[in-house]
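K.L.:
Can you read through this structure? Questions will come right after.
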Amino acid sequence: MVQPPVTGLVSTLSDEVEELPEDLIRWSTYWQMCWEAYPEAKEYELQKVLVEGKSPKLQRQSDRCFRIQAASNENQKSQGLLNRELILLMHKIQLGYRVRAVLAQNRVSEWSPVMSVGATTATKSNGIQISITP
């Protein structure tokens, strides 16, 4: 294992809202975690960290950002993003990810700190980035 760990972790939330017939909306909130490039990294490995413990299955990718859907619902437009905060809170408590760099000769860096899904380290304008599709 090589020091230091992956650093510069930044997590954000973004919302996508689709208008539906009968004054309904379908919305999704996406959580994204990005990190600084690691010197000589070939790829990165992500590990899911649950309340029950760390997943033995690792996900490899070359990208320096990881994005998942953290909340979604379909409801009356007048209700806005119904239960969004509650759904995100449940994820913050139950699910996180950490990342490490994969180097040449199957060497790996130390793991980054765990980032909770739904938690943010940076905000975009008012903390929510919304895109509406008709």
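K.L.:
For the stretch 35-67, give me the residue count where each residue is within 17 Å of the chain's Cα centre (by Cα), in a strand (DSSP E or B) and without any contact (Cβ under 8 Å) to a residue 40 or more places away in the chain.
P.N.:
Within the stretch 35-67, residues that are within 17 Å of the chain's Cα centre (by Cα), in a strand (DSSP E or B) and without any contact (Cβ under 8 Å) to a residue 40 or more places away in the chain number 8.
K.L.:
In the stretch 15-54, which residues are at pLDDT below 95 and small (G, A, S)?
P.N.:
G53
K.L.:
Look at the stretch 1-29 and say how many of its residues are open to solvent by less than 50 Å² (accessible area, probe 1.4 Å) and under 14 Å from the mean Cα position of the chain (by Cα).
P.N.:
Summing the residues that are open to solvent by less than 50 Å² (accessible area, probe 1.4 Å) and under 14 Å from the mean Cα position of the chain (by Cα) in the stretch 1-29 gives 8.
K.L.:
Looking only at the stretch 20-33, decide whether some residue is within 19 Å of A119 (Cβ to Cβ) and of a type in the set (D, E, K, R).
P.N.:
no
K.L.:
Can I ask one more? Being among the acidic types (D, E), in contact (Cβ under 8 Å) with a residue 40 or more places away in the chain and not in a loop (DSSP other than H, G, I, E, B): is that true of E18 here? Write out each step before concluding.
P.N.:
Values: among the acidic types (D, E): yes; in contact (Cβ under 8 Å) with a residue 40 or more places away in the chain: yes; not in a loop (DSSP other than H, G, I, E, B): yes.
Criteria met by E18.
K.L.:
Evaluate the following for R100: is it among the charged types (D, E, K, R), open to solvent by less than 50 Å² (accessible area, probe 1.4 Å) and touching a Pro at 6+ places or on another chain (Cβ under 8 Å)?
P.N.:
Details: among the charged types (D, E, K, R): yes; open to solvent by less than 50 Å² (accessible area, probe 1.4 Å): yes; touching a Pro at 6+ places or on another chain (Cβ under 8 Å): yes.
Criteria met by R100.
K.L.:
Identify, please: which residue in the stretch 30-56 is of a type outside the set (D, E, K, R) and touching a helix residue (DSSP H, G or I) at 6+ places or on another chain (Cβ under 7 Å) and is, among those, least open to solvent (accessible area, probe 1.4 Å)?
P.N.:
Across the stretch 30-56, the extreme among qualifying residues is L50.
K.L.:
Related question: Return the residues of the stretch 75-112 that are in contact with a Lys or Arg (Cβ under 7 Å, 6 or more places away or on another chain) and at pLDDT 95 or above; say none if nothing qualifies.
P.N.:
Once the filter is applied, which keeps residues that are in contact with a Lys or Arg (Cβ under 7 Å, 6 or more places away or on another chain) and at pLDDT 95 or above, the stretch 75-112 yields Y97, V102, L103, V108, S109, E110, W111, S112.
The values are calculated or read from the model by the stated rules, or taken from the named source; none is laboratory data. Values in this document were obtained by computation on a predicted structure and should not be read as measured data. Backbone-built Cβ (ideal geometry, glycine too); neighbour counts: all protein chains shown. Note: accessible area is taken over every heavy atom of the protein model, side chains too, but ligands, DNA and RNA are not part of it. Shrake-Rupley method; radii C 1.70, N 1.55, O 1.52, S 1.80 Å.
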